[in-house]
1. Please work out which one of (1) of a type outside the set (Asp, Glu); (2) outside any loop (DSSP other than H, G, I, E, B); (3) more than 22 Å from A:HIS158 (Cα to Cα) is the condition A:PRO270 fails and give its number.
2. What number of residues within the range A:39-63 are in a strand (DSSP E or B), of a type outside the set (A, V, I, L, M, F, W, C) and open to solvent by 20 Å² or more (accessible area, probe 1.4 Å)?
3. Assess whether B:LYS108 counts as being open to solvent by 50 Å² or more (accessible area, probe 1.4 Å) and of a type in the set (Lys, Arg).
4. Could you look through the range B:49-64, keep only residues that are over 26 Å from B:LEU136 (Cβ atoms) and either among the aliphatic types (A, V, I, L, M) or in contact with a strand residue (DSSP E or B) (Cβ under 6 Å, 6 or more places away or on another chain) (or both), and pick out the one that is surrounded by the most Cβ atoms within 10 Å (Cβ to Cβ)?
5. Can you spot a residue in the range A:49-69 that is touching a helix residue (DSSP H, G or I) at 6+ places or on another chain (Cβ under 9 Å) and not aliphatic (A, V, I, L, M)?
6. Which condition does B:HIS234 not pass, out of (1) closer than 26 Å to B:LEU146 by Cα; (2) open to solvent by less than 40 Å² (accessible area, probe 1.4 Å); (3) at pLDDT below 90, if it passes all the others?
7. When both residues are 6+ apart or on different chains and their Cβ atoms are under 6 Å apart, which pairs have a first residue that lies in the range A:285-300 and is within 7 Å of chain B (Cβ to nearest Cβ), and a second that is open to solvent by less than 20 Å² (accessible area, probe 1.4 Å) and not in a helix (DSSP H, G or I)?
8. Select, from B:ARG56, B:ARG70, B:ARG80, B:ARG102, the only residue that is within 16 Å of ligand 1 (Cβ to nearest atom) and of a type in the set (Lys, Arg).
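The values are calculated or read from the model by the stated rules, or taken from the named source; none is laboratory data. Just so it is clear, the structure is predicted and the values come from calculations on it, not from any experiment. Every residue, glycine among them, receives a Cβ derived from its backbone with ideal geometry; neighbour counts consider all protein chains shown. Heads up: the accessible areas ignore ligands, DNA and RNA and are worked out on the full protein's heavy atoms, side chains in. Shrake-Rupley method; radii C 1.70, N 1.55, O 1.52, S 1.80 Å.
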Amino acid sequence: MKTQPELISSLYDYTDTDPNLKDPETAHLVINGNTVIGMHAVTGLNIKVKELDDGVELLVTLDDGTIVKKPVHLCFGMLPETGIQRIIMNVNIGTNAQISLLAHCVFPNAVDVQHLMDATIHIADGARYSYFEKHVHSSKGGLKVYPKAVVHVGKNAHFKTEFELIKGRVGLIDIEYETSCDDGGVVDMMARISGRADDIIKIKEIGHLNGERSKGALTSKIAVRDNARAEVYNKLTASGAYARGHVDCKEILQDNGVATAIPIVEVHHPKAHITHEAAIGSVDNKQLETLMSRGLSEDDAVEMIINGLLAR
Amino acid sequence: MGILTVKDLTLKFNGKSILNRLNVDFWDGHVHAVIGPNGAGKSTLASTLVGLSGYRDFEGDIEFEGKSIRDLGVDERAKRGITLGWQEPARFEGLPILDFLRASAKNKSREHIEALLNKVGLDPVNYLYRAVDKTLSGGERKKVELASIVAMEPKVALLDEPDSGIDIESIYRIFDAVKVLKSLGTTVILITHSLAVLDQAEHAFLMCHGQVVDKGEVKKIRRYFEDKCIPCDHKNIPVQQIIGGQA
Ligand SMILES: Nc1ncnc2c1ncn2[C@@H]1O[C@H](COP(=O)(O)OP(=O)(O)OP(=O)(O)O)[C@@H](O)[C@H]1O
Ligand SMILES: [Mg+2]
């Protein structure tokens, strides 16, 4: 049996995070399977954890006006090859409070693992919440990941989320995020995912710009190689006056991959304005030949171009 | 003997000969210039020599170090040491300049990459981690392209209008880079519309309508600029059109 610090460090070893996060004084929460193995909170940030049979239920509250300067580190992971991890997360960000979370989801050995995330997030007026979720998967492809979130963004509040799955095999990912924005609220959602072999990528992101002068951006950058498949459904609706939004989906396709993009824009107010663009195609030939003319093989050139596209 | 020899090269697009039984011999280790009017086929020749897709179906032959390279793809030719600096270089989303230069560099050390950037007049502090994307200005992108070619230390470097978009001060950086290439033993082929760039060469070619119509010392070829071209019966193209002067 590994001790808790050993477990933490073996999970952390799979992340490429800045060493500051290992500083025990950084606010953090580390969960292996259904067990909390490390936790440190800061003033104004309250984290309540209930361990479930197959996961944990979290209640995260940030008091009004609290500004947490350093990013808070969350690490959800499972070292075993099989199992289920369910995370239920209720987040309440108080008025004018600010926090940014960096979550690592680490499944380095997964052969048959399910990771389910169900989040309900309430961002009060004037608050800022940013959530960066970075997945590190095994190379075996035996993972099924179901991240779901329902987010409410208050007046002049700001919600930014970024999902990254570039290392290891995707397996199956099925993202479903729905957000709604009040007056002056901002939602910014980005997903960067790279699929290979028979990986399946499904993204469903919906943003409702209900408030006046609310803003939204839904961005997806996807690469599918081998026999991987991707389906990206992005919907942005605007009913507030002067609401502004943009949907952007870029999918790079190689080999026998299949990619679908369904951007939907729906405008209910004559003074709102939403745009969209979707591009699906293989790697640009001029980029490819430029790198090849510098001595890279075609495969290495493709790799480099895709890595660039998916980079932060 | 040339390092790169083109024999009776004909390349057609839609039945029209863009390169028309073209013959040229680039001497090993020399700096050459290729000049000629817009549409003469200079970039097409460069694309054909490096073997870009779409430029592989031609008549005649291209020999590199005495052997035909007509069946080699762009990466195989690059591995043998032939490369091209594009007239309008590609842009790459999210690819840092450092990684782009390392991809071609023989010496991948950071110090070396920084020195290369300095050489072309880009301060590494500001540029090393910037992406080779559309946020770079045209001139900046050309400088990065040149740095990437110097990094590769190729045997043959075709530089298609290396000065286009480059400001007056930086032009000397471009010349320096050409000197570095020369000192590495690289055969440099400068495609240009500029007298200043032409003057960097030791030997020059004039191209017109898909053919090399004159060659020789720079002094001689320079006259096509100075004297508004010598009389040319070539395809009945007005002299003014060839040199871009007034009728
Ligand atoms: N892919 C193509 N399909 C059809 N015509 C082409 C193609 N590429 C080039 N051409 C034509 O071939 C001719 C030569 O073009 P090229 O780009 O080689 O000229 P250039 O000498 O480099 O001119 P510039 O000085 O303007 O760069 C031009 O008339 C051009 O329109
Ligand atoms: Mg040209």
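1. Single failed check for A:PRO270: (2).
2. Narrowing the range A:39-63 to residues in a strand (DSSP E or B): A:39-40, A:45-52, A:55-62.
The next check asks that each one be of a type outside the set (A, V, I, L, M, F, W, C); those that pass are A:40, A:46, A:48, A:50-51, A:55, A:57, A:61.
After this cut, where a residue has to be open to solvent by 20 Å² or more (accessible area, probe 1.4 Å) as well, the list is A:40, A:46, A:48, A:50-51, A:57, A:61.
Residues in the range A:39-63 being in a strand (DSSP E or B), of a type outside the set (A, V, I, L, M, F, W, C) and open to solvent by 20 Å² or more (accessible area, probe 1.4 Å): 7 in total.
3. Numbers: open to solvent by 50 Å² or more (accessible area, probe 1.4 Å): yes; of a type in the set (Lys, Arg): yes.
The answer is yes for B:LYS108.
4. My answer is B:LEU49.
5. Our first condition is that a residue be touching a helix residue (DSSP H, G or I) at 6+ places or on another chain (Cβ under 9 Å); within the range A:49-69, this holds for none.
No, the range A:49-69 contains no residue that is touching a helix residue (DSSP H, G or I) at 6+ places or on another chain (Cβ under 9 Å) and not aliphatic (A, V, I, L, M).
6. Looking at each condition in turn, B:HIS234 falls short on (1).
7. The qualifying pairs are A:LYS286/B:ALA90; A:GLN287/B:ALA90; A:GLN287/B:PHE92; A:GLU289/B:LEU52; A:THR290/B:ALA90; A:SER293/B:THR83; A:SER293/B:LEU84.
8. On the way: B:ARG70 fails: within 16 Å of ligand 1 (Cβ to nearest atom); B:ARG80 fails: within 16 Å of ligand 1 (Cβ to nearest atom); B:ARG102 fails: within 16 Å of ligand 1 (Cβ to nearest atom).
Checking each option against the conditions leaves just B:ARG56.
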